[in-house]
Structures are given as structure tokens and as C-alpha cells.
1. For Asp150, put the label point 7 Å out on the Cα→Cβ axis and report which residues of segment 79-121 keep their amide N under 12 Å from it.
2. For a quick protection proxy, order the peptides 92-100, 209-217 by their average other-Cβ count within 10 Å, most packed first.
3. Which FRET efficiency value, to the nearest 0.05, do you get for Ala67 and Glu100 by plugging their Cβ-Cβ distance into 1/(1 + (r/R0)^6) with R0 = 30 Å?
4. Output wanted: per-residue J couplings in Hz (rounded whole) for segment 211-219, from phi through Karplus 6.51 cos²θ - 1.76 cosθ + 1.60, θ = phi - 60°, x for Gly and Pro.
5. Counting alpha carbon pairs within less than 8 Å and at least 6 residues apart, what relative contact order, in whole percent, applies to segment 51-121?
6. Using R₀ = 41 Å, calculate the FRET efficiency as 1/(1 + (r/R₀)^6) where r is the Cβ-Cβ separation of Arg59 and Arg196; round to 0.05.
7. What distance in nm separates the two pseudo spin-label positions at Asn187 and Phe216, each 7 Å out from Cα along the beta-carbon direction?
8. Find how much the distance from Asn179 to Arg208 grows on full extension, using 0.36 nm per residue of separation minus their present alpha carbon separation; answer in nm with one decimal.
Amino acid sequence: MTWPTSSGTSQSTVPTWWGFPWGRSPHFTSACAIANGRDPWWSPGAATDPPARGQSQFRADAERLAAEVETEGMEKVAKAYAQNASRVQFQNKDPRGWAEWRDQFAGHSAAGTSMTLRNVQAKRPSLLDLQTELASLQLPVLLVAGDEDDHALDITLWLKRTLPGAGLCLFPKTGHTVNLEEPARFNDLLQEFLWRVEGNAWSVRDPRSFAASSMFPED
């Protein structure tokens, strides 16, 4: 993969994660860009929605959606799914682009979608269980989320506090499809991140910033 350098030329890069690092092979990777967090039960457990309860609900929702895909077909399911809580922002900003995305989603394989929901979405582990591994990563990480993607905000902030090399950017009035809702700003943000990684200008967090007081440094 290449990206433009500050001199205007293109330069080869070392591997970079886009999305979430499912392979769990950080030794092959130089940097990681994560756009949006995951679903409700990944949050670090608000009092009104403990992780165990949230995980159970998410798995039930995944099974319900898989069943609807199988019985009702992708076209009908896509019409409803495209208007869920974290996609309506895209619809309001760019109705034509949203409709194109919805139609593309409707064209997905029903069998593939239902199997993904059951065997990937519903069975993936909690990020909370990976806290030790994540905290040990010294990679540059860019976290990106929409401020109206409520189901991703808690876990994204948790990742910011857990990953030593993480930086966080929230897009205002934006849902889950950040790169589609705000493509120009998203691309500019990624380009700046890659430039800073290339120039060794993206460091791990200064431990002094974890002081209990906002006014006084730790003794």
C-alpha cells in the first residue's frame, strides 16, 4: 500500500491495519486505524447495561437478524437495517449515497450474511477480555467514531485509555458509517495519521497525563 508523502511523491509503507485487527498479529504491523467501535455489549459496562446482559442481548439480536435474513430475504431486511439508530445520520446527510449503500447491502448473499451473523458477530470475544494484550501494544493507533454512534462510544473511549499509542477523533453529528458520511474529512485524517507515523511523530501516551489531579503532577 502507498500514500502521498509530504513531498508529493508516493512511498511504499509497511503493513497497516484498517478496521479491527482480527488476526491478532501485531508483530507484522506498524500502525492501526480503527473506524468505529463494536456493538453495545462491548462497552465497559454501564450500570444500566452490565456486560453479561449486553452480550446476551447482542447475540439474541444477531440470531434474530440471521433468521429474518433467511426467512424474509436480504432486500426486506436491508430496508429496515439501513434505518437503524447508527445509520439514519447517513440517510439525513446524503440520501442518494445512503440509498446506494442500502442497495449494495441488499445485494449481499443471504446465506453468507446469516452465517456471518451467527458464526462471527455472535461468537466474537469481548474486547474487555483482551485488555492485557491490548495494553501491551506499542503501535500507533487511530481511533475514529461518530458522536451519535452511541453503541460504539463507550468502547472507543475504553480503547483510547487502554492502548498506549492510541489517538481518538470523534466526528460531530455522525453515526457508524464515518467514512461514508464524511469521506473528505475522514481521508484527510487518515493521511495526516499516516504521515505522522511515517515521520515517527506519533508516540505512545506520556504517562504523566494519567495523573489523578488535573492541576497537579504526580509526586
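1. The answer is 85-86.
2. Details: 92-100: 13.7, 209-217: 7.4.
Going by the mean number of other Cβ atoms within 10 Å, highest first, we get 92-100, 209-217.
3. Efficiency, from the Cβ-Cβ distance: 0.65.
4. 4, 5, 9, 7, 10, 10, x, 5, 5
5. This gives 48 percent for segment 51-121.
6. Calculated value: 0.60.
7. Label at Asn187, label at Phe216, 5.1 nm between them.
8. Going from the current span to full extension adds 7.1 nm.
A short reminder: the numbers here are calculations on the coordinates, not readings from a lab. The shown structure was predicted, so the numbers you read here are calculated from the model rather than taken from an experiment. Glycine gets a Cβ as well: all are built from the backbone with ideal geometry, and neighbour counts include every protein chain shown.
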